[in-house]
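Below is one structure, written out as structure tokens; comments come after it.
The values are calculated or read from the model by the stated rules, or taken from the named source; none is laboratory data. Just so it is clear, the structure is predicted and the values come from calculations on it, not from any experiment. Every residue, glycine among them, receives a Cβ derived from its backbone with ideal geometry; neighbour counts consider all protein chains shown. Each accessible area value is taken on the protein alone, full model and side chains, heavy atoms only, with ligands, DNA and RNA left out. Shrake-Rupley method; radii C 1.70, N 1.55, O 1.52, S 1.80 Å.
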Amino acid sequence: MLFSGDLEKERPAVTERLNRFEQTMQFDYVEGFREFLAAIQAKGILTAIVTSSNQLKMANVYRSHSDFRNLFDAILTAEDFAESKPHPDCYLRAAARLGVQPEECVVLEDSFNGIKSGRAAGMTVVGLATTNAVSALQPLADIVVSDYHDQEMKKILQLFGAIE
């Protein structure tokens, strides 16, 4: 969150309210997520979560989905990188942690800054139109899908080498 000038004094109160709200949030998976993840992992494809969320917020996700940590080969949070999205550092660090080159990576992102970050990192970018309109994401992403059952998912699975 950005606070400057007169707003700086409001940061603690806003942060506390946000933390309380996130403790009660539902963290539902996007339709088809588990099946998609299983399909790419069955092909030996490494996976990582790269989030601008901090450890505190992720603790709420882990409470909601106790198996979440074990679903991925790496989870990078705001504490793992110096500059947040749209800077490419977070995705470059994830690639390094997985031992792969950026051009071998496919980023699935729902935010504008996340898409810009993946693009700046030199990765193929799939826009997930779960929080923003397809039309808004299309100019920024290589492919845009509405969920993991979208007809375009076949193209994405091909990008991952998960299907012929």
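Place the peptides 44-54, 84-94 in order of packing, highest mean first, counting for every residue the other Cβ atoms within 10 Å and averaging per peptide. Before the final figure, lay out each step's value.
Values: 44-54: 16.7, 84-94: 20.3.
In descending order of packing, they fall as 84-94, 44-54.
Taken about its Cα centre, region 45-126 carries a charge dipole of about 180 debye when Lys and Arg each add +1 at the Cβ and Asp and Glu each add -1 at the Cβ.
The residues packed around H87, meaning those with a beta-carbon under 12 Å from its beta-carbon, carry a net charge of +2 if Lys and Arg are +1 and Asp and Glu are -1.
Using the Cβ-Cβ distance between A13 and E35 with R0 set to 45 Å, the FRET efficiency works out to roughly 0.60.
Think of a 1.4 Å ball rolled over the protein heavy atoms: the chain then has 58 Å² of accessible area per residue.
Placing unit charges on C-beta atoms (Lys and Arg positive, Asp and Glu negative, everything else neutral), compute the dipole magnitude of the chain about its Cα centre in debye, rounded to 20. Please list the in-between numbers first.
Values: 16 positive and 23 negative charges, 46 e Å.
The dipole magnitude comes to about 220 debye.
When a 1.4 Å probe is rolled over the protein heavy atoms, the share of accessible surface on region 63-164 that falls to carbon and sulfur comes to 46 percent.
Tell me the angle of helix 33-42 to the major Cα principal axis of the chain, expressed in degrees between 0 and 90 and rounded to the nearest ten. The answer is roughly 50 degrees.
When nucleic acids and ligands are ignored and a 1.4 Å probe is applied, K43 ends up with an accessible area of around 120 Å². Of the options [x] 12.7; [y] 13.6; [z] 10.3, only one is mean projected area of the Cα convex hull in nm² as computed from these coordinates, and that is [z].
Given a Förster distance of 35 angstrom, what is the FRET efficiency for D110 paired with D6, based on the Cβ-Cβ distance and rounded to 0.05?
Values: r = 32 Å, r/R0 = 0.92.
After rounding, the FRET efficiency stands at 0.65.
The separation of region 34-54 from region 111-150, counted between C-alpha centres, amounts to 16 Å.
Per-residue ellipticity at 222 nm computed for the chain from its helices equals -11000 deg cm²/dmol, with DSSP H segments shorter than 4 residues left out and the rest contributing -39,500 (n - 2.57).
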